[in-house]
1. Starting at the first residue of segment 105-118, write each ³J(HN,Hα) from the Karplus equation 6.51 cos²θ - 1.76 cosθ + 1.60 with θ = phi - 60°, in whole Hz, x for Gly and Pro.
2. Leaving ligands, DNA and RNA out of it, rank Trp136, Trp38 by accessible area with a 1.4 Å probe, largest first.
3. Give the long-range amide H neighbours of Thr143: residues separated by 5 or more places, or on another chain, with amide H under 5 Å away, using H modelled in the peptide plane at 1.01 Å from N.
4. How large is ³J(HN,Hα) for each residue in segment 196-205, as worked out from phi by the Karplus curve 6.51 cos²θ - 1.76 cosθ + 1.60 (θ = phi - 60°), to whole Hz, x for Gly and Pro?
5. Would you mind getting the accessible area per residue of segment 87-232, heavy atoms of the protein chains only, 1.4 Å probe, in Å²?
6. On a 1.4 Å probe surface of the protein chains, which of Glu70, Glu188 comes out largest in accessible area, and what is the full order?
7. Pop the C-beta distance of Thr167 and Asp63 into the FRET formula with R0 = 45 Å and round what comes out to the nearest 0.05.
8. How would you classify segment 78-209 from its alpha-carbon gyration tensor, with a ≥ b ≥ c the square roots of the eigenvalues: rounded for a/c under 1.5, else prolate if a/b is greater than b/c, otherwise oblate?
Amino acid sequence: MFPWYPCCPKQLCCFVCINKNELMLLCLPSADVSGVDWMVRHGRSLTLAIAVKSAPERLCGKDYYETVTETVLVNATADRIPIATSGIRAVGYLMRHQLRTEGGSSVSQRIITQLVKCLQNQSSDIRLVSERVLWWVFKDPATPSMEDSLIKPLLKSLLDNTKDKNTTVRAQSEHTIVNLLRLRQGEETMQSITAILDSASNELLSECHRRSLKKIASLPDSNEEIDDTILT
């Protein structure tokens with residue numbers, strides 16, 4: 001059975017035979033459980049995120065998809081920032097798996113809605129992690145892009161974050177927009193999305209493109225990981 005807190009190399013999750021009882025342990029609600037120590041809740045959310053990253057084909061199949069999705073979305077709303085950030089990373093791992101296996105229209109609207117809320121969160125830590133997760137999801141050109149209707153709400157929130165008081169959040173939002181719009185591969189996605197953006201968002205996107213996006217897109221992307229359990 002999985003430990004309550006990850007204490008062995010995370011890639012071992014790829015080889016673990018996950019049965020229903022073990023999955024139910026990981027999927028106990030972590031966001032708000034009276035009487036359960038928050039570190040135990042964090043351990044569950046972190047372990048589930050690592051498992052989704054390492055073995056998505058096992059955890060995101062038809063038998064477990066609804067349970068896993070519900071759990072990571074609940075974790076992303078947790079009252080404790082470490083639990084919430086684990087949940088947000090798990091949402092990103094799930095999102096990339098969906099895109100790679102089912103294409104650009106496969107991402108659940110619930111996932112998009114939750115990520116928008118995280119991008120607008122009062123905590124700069126939550127906003128930053130959400131931006132970095134989206135940056136990572138679309139970093140690999142081989143990962144299919146989403147439909148414009150799914151990109152739009154994320155892009156609007158990211159554009160708002162380009163004016164954030166926190167300089168790190170502000171800078172990361174620009175790098176995330178570059179990947180979300182696939183600007184290193186050209187400007188076709190940006191041109192198509194402008195057709196469905198409101199005028200204020202279009203003006204902000206145009207300004208941001210002139211100021212920084214074009215320059216960022218001309219540079220190689222970072223090789224950083226979003227998985228904070230990796231020891232370097």
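1. 9, 8, 5, 5, 4, 5, 5, 4, 4, 5, 5, 4, 4, 5
2. On the way: Trp136 10, Trp38 75 Å².
Order by accessible area, largest first: Trp38, Trp136.
3. none
4. Taking θ as phi minus 60°, the curve returns 10, 7, 6, 4, 5, 5, 4, 5, 5, 5 Hz for segment 196-205.
5. Values: 6880 Å² over 146 residues.
On a per-residue basis, 47 Å².
6. Values: Glu70 80, Glu188 125 Å².
The ranking, largest first, comes out as Glu188, Glu70.
7. Computed FRET efficiency for Thr167 and Asp63: 0.50.
8. Numbers: a/c = 1.70, a/b = 1.11, b/c = 1.53.
Oblate shape, in that a/c is at least 1.5 and b/c is the bigger or equal ratio.
The values are calculated or read from the model by the stated rules, or taken from the named source; none is laboratory data. This one's a predicted model, so the numbers in the text were calculated from it and none came from an experiment. Neighbour counts are summed over all protein chains in view; Cβ atoms, including those assigned to glycine, are modelled from backbone coordinates with ideal geometry. Heavy atoms of the whole protein, side chains included, go into the accessibility calculation; ligands, DNA and RNA do not. Shrake-Rupley method; radii C 1.70, N 1.55, O 1.52, S 1.80 Å.
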